[in-house]
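Q: One structure, pasted below without further comment.
The values are calculated or read from the model by the stated rules, or taken from the named source; none is laboratory data. Owing to the predicted nature of the structure, the values given are computational and were not obtained by experimental measurement. No Cβ is skipped: glycine too gets one built from the backbone with ideal geometry, and neighbour counts run over all protein chains shown. The protein model used for the area step is the full one, side chains on, heavy atoms only, and it has no ligands, DNA or RNA in it. Shrake-Rupley method; radii C 1.70, N 1.55, O 1.52, S 1.80 Å.
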Amino acid sequence: MEPRSAITTNPPIQPEYGILKLKDRGFIVTRRLDIVGAGKAGKTLARLWAQAGVFEIGSVLNRSIESSQAAVDFIGEGRPVERIDGIGPLDVLMISTSDRYIEECAQSVARERKASPDAVVFHCSGSLSSDNLRALQQIGCHIGSVHPIKSFAEPTLAIETFDGTFCALEGDEPAIDCLQDAVARIGGHSLEIDEANKMIYHAGSVFASNYLTAMIYAGVRCFEKSGIPYTQAMEVVQQIVTGTVGNIFKLGLVPALTGPISRGERKIVQKQLEELAQWRPEISDVYRTAGVLAVDMAHAQNGASDSELEEIRQVLKGASESAG
Ligand SMILES: NC(=O)c1ccc[n+]([C@@H]2O[C@H](COP(=O)([O-])OP(=O)(O)OC[C@H]3O[C@@H](n4cnc5c(N)ncnc54)[C@H](OP(=O)(O)O)[C@@H]3O)[C@@H](O)[C@H]2O)c1
C-alpha cells in the first residue's frame with residue numbers, strides 16, 4: 001500500500017468534506033479547475049495542466065455549448081456546461097475569455113455562488129490586473145492573474161512549445177502560490193510583477209514586439225524612398241535587424257547602440273529630421289521620440305561628449321516644439 005502522503009485523490013468538492021480537511025489528513029489533493037472561456041489560451045493551458053495531473057478539469061463554459069464541447073474534446077477532460085450556474089462550488093477558476101469580458105464574467109460568477117475557503121480565481125490577460133476580479137474577492141476568493149508571454153495562435157503547436165515559457169504572475173499570496181506551482185509543473189518560468197504597473201508591464205511587450213515591427217516598417221519605407229525595391233529593402237533590413245539583435249544579446253543594450261546619435265553627429269541628426277519632416281511627418285515624430293531614448297543610452301556609452309549629446313537632445317526637442 002502506498003504511504004498516505006503519496007496518494008493523489010480527485011474528490012468531488014463538497015463543502016462538508018473540503019480540500020482543507022483532506023490536506024489536514026496528509027493527502028495530496030489535485031484541485032479542480034473550472035474554466036470560463038476555453039479559447040486558444042484557456043484550452044491550451046487546461047490541456048497542459050490536465051496532462052501533467054496538476055488540475056482535474058471540471059466545468060468548461062464558452063459562449064456556445066458546441067464551443068464548450070470542442071474545448072473539452074481538445075483538453076481531453078471536463079464537462080461542457082451551458083450557463084454559469086452549471087459550474088460547481090468554486091475551487092480554482094480560470095476566466096480566460098478575451099479581456100473585455102473578464103470583469104463581467106467575474107461579476108456573473110460572484111452573483112451565483114459562495115467560494116470554498118481557499119478558492120483561487122485568475123485570468124490570463126497581459127494588460128488587465130487581477131483587480132478586475134474583485135467581485136470574486138468580495139465573496140472570499142483569492143485572486144490573481146497569469147500571463148504566459150507566448151502566442152497561442154495554434155493551440156496544438158503551443159502545447160508542444162510551452163516548455164520554458166515565461167509567465168507573469170500577480171495577485172494575492174495564496175493565488176500566487178497556487179499559480180507558481182501550476183506554472184512550474186508544466187515547465188513554465190514564473191515572473192512576479194507589480195499589479196499596479198501591469199499596463200506598463202504589457203507596454204514592454206508592445207515595444208519589444210509590436211513597435212519593433214513598426215520601426216522596421218519605417219526603415220523599409222525609407223529604403224523604398226531612396227529607390228530600393230521592397231523585396232530588396234526587406235533583405236537589407238533582415239541583415240540589419242539580425243545583426244543588431246545579435247549584438248544586443250551578445251554585447252548588451254547600451255554597447256549595441258551605433259549610428260549618428262551614438263557618434264554625437266548633431267548636423268546629421270538635424271538634416272535627417274528636417275528631410276523626414278518634409279516627406280513623412282509621422283516618421284519624423286518617431287525618429288525624434290526614439291532619438292531622445294538613444295541620447296540617454298549614448299550618455300551611458302562614454303563615446304560622444306555630454307555637450308554634443310545635449311545639443312542633439314535640443315535638436316530633437318526643438319523639432320517637437322515646432323511641429324506642435
Ligand atoms: N491568444 C494568445 O496568444 C494569448 C497569450 C497570452 C494571454 N492571452 C490571454 O488569454 C485570454 C484569452 O485570449 P484567447 O486568445 O484565448 O481568446 P479566444 O481564443 O478568443 O477565446 C476566448 C474564449 O472565451 C469565450 N468567451 C468569450 N466571452 C465569453 C463569455 N461571456 N462567457 C463565456 N465564455 C466566453 C469564447 O467562447 P466562444 O468560443 O463560444 O466564442 C472563447 O472560447 C485573454 O485574456 C488574452 O489576453 C492570450
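Q: Carbon and sulfur atoms: what percent of the 1.4 Å accessible area of the chain do they account for?
A: Roughly 54 percent, rounded to a whole number.
Q: Now a separate question. Would you grab the residues whose amide H sits under 5 Å from the one on SER125? Only those 5+ places off in sequence or on another chain, please, with H modelled 1.01 Å from N.
A: VAL146
Q: Taking the chain as a Gaussian network, Cα atoms linked when under 10 Å apart, which of ARG266, ARG31, ARG63 shows the biggest mean-square fluctuation?
A: ARG266
Q: Please give the residues of segment 199-231, grouped as numeric ranges, whose backbone N is less than 16 Å from a label point set 7 Å along the Cα-to-Cβ vector of GLU275.
A: 219-228
Q: Return one number: the angle in degrees, 0 to 90 and rounded to the nearest 10, between the long axis of the Cα atoms of helix 173-184 and the longest principal axis of the Cα atoms of the chain.
A: 80 degrees
Q: At 7 Å along the Cα-to-beta-carbon direction for both LEU253 and GLN239, put a label point, then send me their distance in nm to one decimal.
A: Result for the modelled spin labels: 2.8 nm.
Q: For ASN302 and SER108 in the same chain, what is the full-extension length gain: residue separation times 0.36 nm, less their Cα-Cα distance, in nm?
A: Result for the pair: 64.1 nm of gain on full extension.
Q: Counting helices only, and only those DSSP H runs with n ≥ 4, report the 222 nm mean residue ellipticity of the chain as the sum of -39,500 (n - 2.57) divided by its residues, in deg cm²/dmol to the nearest 500.
A: -15500 deg cm²/dmol
Q: Right, next: For VAL206 and GLU192, compute 0.36 nm times the residue count separating them, minus their Cα-Cα distance, and round to one decimal in nm.
A: Using 0.36 nm per residue and subtracting the Cα-Cα distance, I get 3.2 nm.
Q: Also, quick follow-up: What do you get for the angle between helix 212-225 and the principal long axis of the chain? Use alpha-carbon atoms, 0 to 90 degrees, nearest ten.
A: 30 degrees
Q: Now, a different point. Each residue of segment 248-253 in turn: what ³J(HN,Hα) in whole Hz from Karplus with 6.51, -1.76, 1.60 and θ = phi - 60°, glycine and Pro shown as x?
A: Those phi angles translate into 4, 8, 8, 9, x, 4 Hz.
Q: Now for a different question. In the structure shown, do any of LYS225/LYS317; LYS198/LYS250; LYS150/LYS198; LYS198/LYS317; LYS250/LYS271; LYS225/LYS271 have a Cα-Cα gap over 22 Å, and if so which?
A: LYS225/LYS317; LYS198/LYS250; LYS198/LYS317; LYS250/LYS271
Q: Given H placed 1.01 Å from N in the peptide plane, which residues other than close sequence neighbours of THR30 have an amide H under 5 Å from its amide H?
A: Long-range HN contacts for THR30: THR9.
Q: May I ask you to compute the full-extension gain from SER98 to LYS267, defined as 0.36 nm times their residue separation minus their alpha-carbon distance, rounded to one decimal in nm?
A: Answer, rounded to one decimal: 56.0 nm.
Q: With label points built 7 Å along Cα→Cβ from the Cα atoms of ALA214 and ASP163, find their separation and express it in nm.
A: For ALA214 paired with ASP163, the spin-label model returns 3.7 nm.
Q: Top mean-square fluctuation among LYS150, LYS43, LYS267, Gaussian network model of the chain, C-alpha springs under 10 Å?
A: LYS267
Q: With every protein chain kept in the model, how would you rank CYS222, CYS141 by accessible area, 1.4 Å probe, largest at the top?
A: Of CYS222, CYS141, the descending order of accessible area is CYS222, CYS141.
Q: Build a GNM of the chain with springs between Cα atoms under 10 Å: which of THR165, THR244, THR44 gets the top mean-square fluctuation?
A: With Cα springs under 10 Å in the chain, the top fluctuation among THR165, THR244, THR44 is at THR244.
Q: OK, next. Once you sort the root eigenvalues of the Cα gyration tensor of segment 201-316 as a ≥ b ≥ c, which label holds: rounded (a/c under 1.5), prolate (a/b larger than b/c) or oblate (the other case)?
A: Note, shape of segment 201-316 comes out oblate.
Q: Using a 1.4 angstrom probe, figure out how much accessible area segment 169-324 has per residue, in square angstrom, rounded to the nearest whole.
A: Counting only protein heavy atoms, the per-residue value for segment 169-324 is 62 Å².
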